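Take a look at the structure set out below.
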Amino acid sequence: MASKLMHALQYSGYGGGADALKHVEVGVPDPKADEVLLKIEAVTLNPIDWKIQAGALRPFLPRKFPTIPGTDVAGEVVQAGSAVKRFKTGDKVVAILSHATGGALAEYAVAKENLTVTRPPDVSAPDGAALPVAALTAHQALIQSANIKLDGSGERKNILITAASGGVGHYAVQLAKMGNMHVTTTCGARNLDFVKGLGADEVLDYKTPEGVSLNSPSGKKYDYVIHGASGIPWSTFEPNLSATGKVIDLTFTRSAMFTSALKKLTFSKKQLVPLLLVPKTENFDYVVNLVKEGKLKTVIDSKHPLKNAEEAWSRIMSGHATGKVVIEP
């Protein structure tokens, strides 16, 4: 379908924020043998999208300029590659695109079959598109990094979730409570009731002395921290951790990488471990089905049409979105 044109947004270099996004007409991509071509129904943005634009992963990402950003999409299959077995034209799906190639901020995008799952009729396109990076990151952090059993059969642990009202955070709170964990959280004052409503046991306003120090109101030490906020040094986490406490870091900062390496070199029992999302089909299906069953709630911060996607970009850059920022055609 390369001869057919579509509306998309792209940027041509590092930096510039929302102002650097340009509306263009480009060819509709052709799916490779293991890909499906999707007519996009909803896209959600993640902090990593603007961080890539800002050069946080330079020179590795993006792979080339100009680039169409975004990875999290819900849509309808309009063409399946010759080797695709699980999907056919007309299927409603959710997919995560590669950060190397992006492609979400457009009318059409291609997705790998193994990173695409069926979207049940009772999961809306926005709710589905919200899941890929945010819900899968929360799931991987809790299941793989923190070894929590979401059926509640494991030992009860104390968990701190920073930035709990954000995309990853609001899923992490719900999943941790499914696992019967004691959950302490941080968020802004306006979101205290919202985070309590997600099931958090303790909620700290991050601007108060208690929030700055991360002290649990009940005096508990944290076995795990799911850390998605900015500007919190290791020296703040360390006294609040249990003897073998672990900070699972989602912030992609150089200081986090340095601290992680230092803790390993010094054989510290308290660790900081950066998390790199590795999407798996079975986990993807799992979180989609949780939404279908009403066990996991997606909270939408705001919706924007593709023609005004710059507003959505500015919103995600602000760091103050509650839940997920959605873009629709």
Inset, instruction - Give me the percent of the accessible area of the chain that comes from carbon and sulfur atoms, probe 1.4 Å, all protein chains in place. - result: 54
Inset, instruction - Enumerate the calculated ³J(HN,Hα) couplings along segment 241-252 in order (Karplus 6.51 cos²θ - 1.76 cosθ + 1.60, θ = phi - 60°), each rounded to whole Hz, writing x wherever the residue is Gly or Pro. - result: 8, 5, 4, 10, x, 10, 9, 9, 9, 10, 8, 6
Inset, instruction - Taking only protein heavy atoms into account and a 1.4 Å probe, give the accessible area per residue of the chain in Å². - result: 44
Legend entry - 5 angstrom amide H check on VAL273, placed H, neighbours 5+ away: VAL247, ILE248, ASP249
Legend entry - Nearest 10 degrees, 0 to 90: helix 167-178 Cα axis against the chain principal axis: 60
Inset, instruction - Would you please give the FRET efficiency between ALA83 and LYS51, computed as 1/(1 + (r/R0)^6) with r the Cβ-Cβ distance and R0 = 51 Å, to the nearest 0.05? - result: 0.95
Inset, instruction - Could you pull out the trypsin sites (Lys or Arg not before Pro) across segment 166-232 that fall in loop regions by DSSP (anything but H, G, I, E, B) with no more than 16 other Cβ atoms inside 10 Å? - result: LYS207, LYS221
Legend entry - Residue-count net charge about PRO217 - beta-carbon cut-off 11 Å; Lys, Arg +1, Asp, Glu -1: -2
Inset, instruction - Of the listed pairs LYS177/LYS307; LYS157/LYS303; LYS32/LYS246; LYS85/LYS292, which have alpha-carbon separations greater than 30 Å here? - result: LYS177/LYS307; LYS157/LYS303; LYS32/LYS246
Legend entry - From the coordinates shown, semi-axes √(5λ) of the Cα gyration tensor in Å corresponds to which of (1) 50, 21, 17; (2) 38, 21, 18; (3) 34, 21, 18: (3)
Inset, instruction - Taking all protein chains together and a probe of 1.4 Å, list ARG58, ARG315 from the most accessible to the least accessible. - result: ARG58, ARG315
Inset, instruction - Rounded to the nearest 10 degrees, what's the angle between the helix 281-292 long axis and the longest principal axis of the chain, both from Cα atoms, 0 to 90? - result: 80
Legend entry - Centre separation in Å (Cα based) which lies between segment 121-185 and segment 14-45: 28
Inset, instruction - Name the long-range amide H neighbours of LEU5: under 5 Å, sequence gap of 5 or more, or other chain; modelled H, no Pro or chain starts. - result: VAL28
Inset, instruction - Name the residues whose placed amide hydrogens come within less than 5 Å of the amide hydrogen of LEU204, ignoring near sequence neighbours (fewer than 5 apart) on the same chain. - result: THR185, THR186, CYS187
Inset, instruction - Could you check the simple spin-label distance between SER230 and SER302, using points 7 Å along Cα→Cβ, in nm with one decimal? - result: 1.7
Inset, instruction - Kindly write out, for segment 313-320 in residue order, the coupling ³J(HN,Hα) from the Karplus curve 6.51 cos²θ - 1.76 cosθ + 1.60 (θ = phi - 60°), rounded to whole Hz, with x marking Gly and Pro. - result: 4, 5, 5, 5, 5, 5, x, 10
Legend entry - In nm, spacing of pseudo-spin labels at GLU238 and LYS269 (7 Å Cα→C-beta vector): 1.6
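The values are calculated or read from the model by the stated rules, or taken from the named source; none is laboratory data. It should be emphasised that the depicted structure is a prediction, and the values quoted were computed from it without experimental measurement. As a convention, Cβ positions derive from the backbone with ideal geometry for all residues, glycine included, and neighbour counts pool all protein chains shown. Please note that ligands, DNA and RNA were not included when accessible areas were found on the heavy atoms of the full protein model with its side chains. Shrake-Rupley method; radii C 1.70, N 1.55, O 1.52, S 1.80 Å.
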